[in-house]
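Working notes, structure below.
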Amino acid sequence: MTDADPSERVSSGISGLDEMLRGGFFKGTANVVSGDSGTGKTIFGTQFIAEGAKNGEKVMCIITSEESKSIVKEMKTSFGWNLEEYVEQGLLTFVDITDPSLRLQKSVEIAPSELIKSFKKLIESKIEDIQPTRIFIDSVEALFLAIESNYKLRTLIDDVFSVFRKHNVTSVITVGAMFGLDEMVEYGADSVIKLGRIMAGNNLQRSIYVMKMRGSGTINEVRVLSISDSGMSVLAQSPYLE
Ligand SMILES: Nc1ncnc2c1ncn2[C@@H]1O[C@H](COP(=O)(O)OP(=O)(O)O)[C@@H](O)[C@H]1O
Ligand SMILES: [Mg+2]
């Protein structure tokens, strides 16, 4: 397997990760980041879109739950990142689907599959409107959890992911480990990155690995994921004690 044409690749914005991906994500793909609560999914996605905005690209962040609403505030207190600046410069657009004005919030009157169909329509029209190069969806649990049939779930996930491929937008989609939903979402993705924690002696280490990447070789190692005041990076070492 040779390294792919760099013009087809998009930097993840996370130091050390592009090497694991052999150059970054493929343009116009759906890339899932999964892991338990607190493993760094939101930081990952934010760093991914900030990388684009930093280079003058238009980027979009889709907030799907109350939990992800505090993202601007948290990124400021965690790392001193000022996402509002990108918003003011017209580079970053937040789409908050929990906003009642969008009438997309989970409601007893709307069937879950209808909710996802309207979500798909909404992001498609926003993409056509804004023409972003990168999208971050934090996260898809709230959207997909109410779908009871796995078959239906697969179809709906494929449906949503196809929007990014069609419009050549590179996306990062986070999903928490929850009732097997993460596995279903991972199944439809072009790449899957797993974040976690590992016990190394008495130490708790953050870990990262690339579970799959369609069309590319990857570095098949579990590596140490570092989160510090300057953000997230991948170290070229294993979290397991030698
Ligand atoms: N400045 C920092 N230095 C080190 N760790 C941090 C810093 N800011 C946040 N974190 C860690 O990042 C974690 C949150 O990551 P987050 O992306 O919100 O996780 P998830 O979205 O997977 O729930 C926090 O639990 C905290 O431990
Ligand atoms: Mg989160």
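Quick notes on this structure:
- Among the residues making up the stretch 191-203, those that are more than 16 Å from ligand 2 (Cβ to nearest atom) and under 17 Å from residue 41 (Cβ atoms) are 191, 192, 198.
- Residue satisfying all of: in the stretch 23-54; farther than 17 Å from residue 228 by Cβ and of a type in the set (Phe, Trp, Tyr); nearest to ligand 1 (Cβ to nearest atom) among these: 48
- Of all the residues in the stretch 204-242, those that are in contact with an Asp or Glu (Cβ under 7 Å, 6 or more places away or on another chain) and either within 16 Å of ligand 2 (Cβ to nearest atom) or among the polar types (S, T, N, Q) (or both) number 1.
- Among residues of the stretch 27-43 that are touching a residue at least 12 places away in the same chain (Cβ under 8 Å) and within 19 Å of residue 206 (Cβ to Cβ), those with a Cβ under 8 angstrom from a residue that is within 6 Å of ligand 1 (Cβ to nearest atom) and polar (S, T, N, Q), sequence gap 6+ or separate chain, pair up as 43/78.
- Among residues of the stretch 219-242, those that are at pLDDT below 95 and crowded, with 17+ Cβ neighbours inside 10 Å, counted: 1
- When 209, 151 are screened for being away from ligand 1 (no atom under 15 Å from the Cβ), among the hydroxyl-bearing types (Ser, Thr, Tyr) and modelled with pLDDT of 95 or more, only 209 passes.
- Top-ranked residue in the stretch 16-59 [being over 16 Å from the mean Cα position of the chain (by Cα) and of a type in the set (Gly, Ala, Ser); ranked as nearest to ligand 2 (Cβ to nearest atom)]: 16
- Close pairs from the stretch 67-93: first at pLDDT below 95 and surrounded by fewer than 18 Cβ atoms within 10 Å (Cβ to Cβ), partner assigned to a helix (DSSP H, G or I) and among the aliphatic types (A, V, I, L, M), Cβ under 9 Å, at least 6 apart: 67/142
Condition check ((1) farther than 15 Å from residue 157 by Cβ; (2) within 20 Å of the chain's Cα centre (by Cα); (3) away from ligand 1 (no atom under 16 Å from the Cβ)) across all residues:
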residue: 175; (1), (2), (3): no, yes, no
residue: 185; (1), (2), (3): no, yes, no
residue: 191; (1), (2), (3): no, yes, yes
residue: 199; (1), (2), (3): yes, no, yes
residue: 204; (1), (2), (3): yes, no, no
residue: 215; (1), (2), (3): yes, yes, yes
residue: 224; (1), (2), (3): yes, yes, no
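- Some residue of the stretch 102-111 being at pLDDT below 95, among the hydrophobic types (A, V, I, L, M, F, W, C) and within 17 Å of residue 139 (Cα to Cα): yes
- The set of residues in the stretch 50-71 being assigned to a helix (DSSP H, G or I) and either touching a Gly at 6+ places or on another chain (Cβ under 6 Å) or under 20 Å from residue 166 (Cβ atoms) (or both) consists of 51, 52.
- Per-region count, the stretch 74-89, residues part of a helix (DSSP H, G or I) and either within 19 Å of residue 229 (Cα to Cα) or of a type in the set (D, E, K, R) (or both): 10
The values are calculated or read from the model by the stated rules, or taken from the named source; none is laboratory data. Keep in mind the model is a prediction, meaning the values are calculated, not measured. Glycine also receives a Cβ, built like all others from the backbone with ideal geometry; neighbour counts cover every protein chain displayed.
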